[in-house]
């Protein structure tokens, strides 16, 4: 039953949040002109030193919101600020030194090895020649062992299982050494052990280096046990926002997910839980 | 030294315990897959591999100059005015230089297209880009013929002798430029079409894109054949190389135009080689690693189109070089484009020069020679089928 525990137990109380690093101001997004709003006047602020979860039903706009934050999609109205500067004023390379993304699409058409993929995370920090130095390689080795990938370092990514591949992409994002880490369902393919290791790695960076993590999660219990704050999205708008306890209330969730469910608080840990 | 132990971690003992149980299975897998293991790119590996390929290019080049219908002696070649000197410097050298340029351009363009389309089977010929260039060149020649009474037409019709290209007096370098540009426009249009078809990122079956390319090739060939019936027999003969490529009988002045375009293009591609790694992981990954995706992709596509335009206007349709060479090299060197791209350029140059040498030597007793495009297709088409089958079976697993 060693593996049976949920992801990393969260240490409380947490440090006071740092300054805002990522801010959304009344962001609206539609795929086509005049089409439905995928994001409807979303405003949020994420500070350094906190891990924020985006939760919500399918099609609520969670991934779209993350892509807007990553600068992959441009808001139709409103704006997204990184370190107080509008996203539009950042060059891609500058932004890549500041933010990293664990994408949902993990397809790799060529046989890059795990190490090669992870080293690509160093790209925004390299000089004109694009050659990695000893420091880059040492950092990537450390991250690979953190993600339990050191035995797979020389294997081609396209021959790995879904979970191994996802860890390789997470390693790449960590190698970018970002101030803001955006993760799109990073646990979709992970087993319990690696899920725990992932959140340990994220928590370590949040606590020690004060980075901001914005993570899309499907599993409400996982979100409750790992995140400092949750954004509950419904039909493109924020339905609830705040610490897990205040967001994961049965009345709120039943309306958003439109399904009867049981929610409560674990007596031992004081964490909220949800049963669908 | 191992960072593992340097990190304090409360759950480590349990973790180690779990790992120890897991190790035998993992080791077995590792043993099974060792043949696929590869070292990452180091400056040393980079220099060594490219130097080795450079030696191969030089070796092929020397053979191409020395071998042929008439065996030449090294001593005589260096004596200007001798027959051997004339054969080597006047016939074999321009042909070799053209082969190296065209092969290098096709190898580099193939590797680049494979990365930006995220499709290991992409190739300028298979995707119809070369066909589009040939169509552009054909249309330019016909337009020049129709305009031949005007002043502009006078300059451009000089260009149609370029197509016949039998004599070295076929015209100044300026006559190669409009055809080359028309071919580049044709190539660019086709590449844009293919990118548009491949657009629904990753969701499109990669084979559907190849199918689109094959269909476009058939279309371009049909249009060229159709146009051929509208012109005089001499002009029709001149349009033939655009259906099957050949390196023979090109004047230095035209090769020089191609060389300028191809070498500039190669410089640009090599400078952007590391971006190809990121683009091959998809738009989102590339953008989050700091690549301006739309701009970089557009620049690359324009540069490739110019290069393909230049090579097609000089050598016609030479297929499969861009498929075979990067593919073989990727098996040996790995997919890192910082090495793979320059290697594909050198490899493509050696491969095409080698194919042309084979074409020249194969039928000496009969006194004829097949076009080099037929040789590359003879090697490339079966390989393409093998790769296609292997790709499908891997996906099915």
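Pick out the one residue from A:181, A:202 that is surrounded by 20 or more Cβ atoms within 10 Å (Cβ to Cβ) and not in a helix (DSSP H, G or I). When all the criteria are applied, what remains is A:181. Of all residues in region A:212-243, those satisfying the criterion of being in contact with a strand residue (DSSP E or B) (Cβ under 8 Å, 6 or more places away or on another chain) and without any contact (Cβ under 8 Å) to a residue 60 or more places away in the chain are A:224, A:240, A:242, A:243.
Please verify whether residue A:38 is within 17 Å of the chain's Cα centre (by Cα) and either without any contact (Cβ under 8 Å) to a residue 24 or more places away in the chain or not in a loop (DSSP other than H, G, I, E, B) (or both), treating the condition exactly as stated. Criteria not met by residue A:38. Residue A:74 meets all of the listed conditions (1) over 16 Å from residue B:288 (Cβ atoms); (2) modelled with pLDDT of 90 or more but one, namely (1). With the condition kept exactly as written, say whether any residue in region A:83-98 is more than 10 Å from chain B (Cβ to nearest Cβ) and assigned to a strand (DSSP E or B). The answer is yes; a qualifying residue exists.
Kindly evaluate residue B:387 against the criterion of being surrounded by fewer than 24 Cβ atoms within 10 Å (Cβ to Cβ), within 17 Å of residue B:113 (Cβ to Cβ), over 17 Å from the mean Cα position of the chain (by Cα) and within 14 Å of another protein chain (Cβ to nearest Cβ). When the stated conditions are applied, residue B:387 passes them.
Looking across A:56, A:18, one residue alone is over 29 Å from residue B:278 (Cα atoms), under 15 Å from the mean Cα position of the chain (by Cα) and touching a residue at least 24 places away in the same chain (Cβ under 8 Å). It is A:56. What's the number of the only condition in (1) on the phi < 0 side of the Ramachandran plot; (2) surrounded by 18 or more Cβ atoms within 10 Å (Cβ to Cβ) that residue A:161 fails to meet? So the condition that residue A:161 fails would be (2).
Of all residues in region A:207-224, exactly one satisfies the criterion of being under 12 Å from the mean Cα position of the chain (by Cα) and in a helix (DSSP H, G or I), namely A:223.
Just wondering, is there one or more residues in region A:109-128 that are surrounded by fewer than 21 Cβ atoms within 10 Å (Cβ to Cβ), more than 10 Å from chain B (Cβ to nearest Cβ) and within 30 Å of residue B:330 (Cα to Cα)? Checked against the condition, which is being surrounded by fewer than 21 Cβ atoms within 10 Å (Cβ to Cβ), more than 10 Å from chain B (Cβ to nearest Cβ) and within 30 Å of residue B:330 (Cα to Cα), region A:109-128 yields at least one hit.
For region A:140-178, how many residues are over 21 Å from residue A:205 (Cα atoms) and not in a helix (DSSP H, G or I)?
Kept after step one, since they are over 21 Å from residue A:205 (Cα atoms), are these residues of region A:140-178: A:151-165.
Going one step further and asking which of them are not in a helix (DSSP H, G or I), we end up with A:153-156, A:160-161.
Selection size over region A:140-178: 6.
As a summary of the residue check, residue A:260 satisfies the conditions (1) modelled with pLDDT under 90; (2) in a strand (DSSP E or B) except for the one numbered (2). Only residues that are within 13 Å of another protein chain (Cβ to nearest Cβ) and touching a helix residue (DSSP H, G or I) at 6+ places or on another chain (Cβ under 6 Å): list them for region B:245-287, please. If the condition is that a residue be within 13 Å of another protein chain (Cβ to nearest Cβ) and touching a helix residue (DSSP H, G or I) at 6+ places or on another chain (Cβ under 6 Å), then B:270, B:273, B:274, B:275, B:276, B:277, B:278, B:279, B:280, B:283, B:286, B:287 are the ones that fit. Checking the stated criteria, residue B:338 turns out to be within 12 Å of chain A (Cβ to nearest Cβ), part of a helix (DSSP H, G or I) and surrounded by fewer than 23 Cβ atoms within 10 Å (Cβ to Cβ). Annotation for region A:107-119: no member residue is under 30 Å from residue A:43 (Cα atoms) and in contact with a strand residue (DSSP E or B) (Cβ under 9 Å, 6 or more places away or on another chain).
The values are calculated or read from the model by the stated rules, or taken from the named source; none is laboratory data. It should be emphasised that the depicted structure is a prediction, and the values quoted were computed from it without experimental measurement. Neighbour counts are summed over all protein chains in view; Cβ atoms, including those assigned to glycine, are modelled from backbone coordinates with ideal geometry.
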